[in-house]
Amino acid sequence: MIDDLPGGLTARQLAEDDHPRVLEVLDAWWGGLKGQAGALERALLLPRLYFQHFTTTSFLIERDGEQVAAFLVGFLSQTEPDAAYVHFVGVDPQLHGQGIGRALYRAFFALARSHGRRYVHCVTSPQNTASRSFHTRLGFTISSVKPNYDGPGLDRVAFTIDLAAQPVHPT
């Protein structure tokens, strides 16, 4: 599934039982961004239904088989037959720079390709400069700011990558 991870890390598909474990790490990983309102926003972005209905298109990476090290929640678009969508990704900040996020995306790209999908889409907040940089390095194109994209005051930037124009194994 994902075989290019640093030692001590293993990958598997997401399971419903992972929901509370992932929610537990969000605030620490996002450094308390936006305080209590940010914590609520992040929790609302990851309801249990993603851990019930998108397990075959989502991944969890664990440290020593116990501790959540990273995750990617994604799905195949029901309305765009040539598209897939990465909904939420997180990597333990202590593991940044080790290729874990890239490995998660590579696995998702391979899954999307295997289902005949050409495009992968995702969004982030305009303030998330690390995410914007990361996605650009992966080869995504970025939109201008989309005001109120996810509701009043919830601006986003959108990313798209054309898998047909990308190597199967991005560096």
- Query: For the chain, what relative contact order do you get, as a whole percent, if you take Cα pairs closer than 8 Å and at least 6 residues apart?
  - Reply: 18
- Query: For the chain, what is the mean residue ellipticity at 222 nm derived from helices alone (per DSSP H run of n ≥ 4: -39500 (n - 2.57); sum divided by total residues; nearest 500 deg cm²/dmol)?
  - Reply: -9500 deg cm²/dmol
- Inter-part distance where region 1-68 and region 94-171 are each reduced to a Cα centre, Å: 17
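In whole angstrom, how long is each semi-axis of the equivalent ellipsoid of the chain, when you take the square root of 5 times every eigenvalue of its Cα gyration tensor and sort them from largest down? Don't skip to the end; give the middle numbers.
Details: eigenvalues 92, 90, 51 Å².
Ellipsoid half-lengths, sorted descending, are 21, 21, 16 Å.
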- Task: Would you look at the GNM of the chain, springs on alpha carbons closer than 10 Å, and say which of H121, H96, H87 moves the most?
- Result: H96
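Please report, as a whole percent, how much of the solvent-accessible surface of the chain comes from carbon and sulfur atoms (probe radius 1.4 Å). Provide the component values of the computation, followed by the final result.
On the way: 4680 of 8800 Å².
It is 53 percent, rounded to a whole number.
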- Task: Note down the nm distance, to one decimal, between modelled labels 7 Å out along Cα→Cβ at V145 and at L44.
- Result: 2.0
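Could you order peptides 1-10, 106-115 by the average number of other Cβ atoms within 10 Å of their residues, highest first?
Working: 1-10: 12.9, 106-115: 18.2.
So the peptides 1-10, 106-115, ranked by packing, come out 106-115, 1-10.
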- Report the calculated FRET efficiency for Q67 and A130 (r = Cβ-Cβ distance, R0 = 25 Å), to the nearest 0.05. 0.70
- region 61-171 - accessible surface per residue (Å², probe 1.4 Å): 49
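The values are calculated or read from the model by the stated rules, or taken from the named source; none is laboratory data. Not measured: the values here are computed from a predicted model. Heads up, the Cβs are rebuilt from the backbone with ideal geometry, glycines too, and the neighbour counts pull from every protein chain shown. All accessible areas refer to the heavy atoms of the entire protein, side chains included, with ligands and DNA or RNA removed. Shrake-Rupley method; radii C 1.70, N 1.55, O 1.52, S 1.80 Å.
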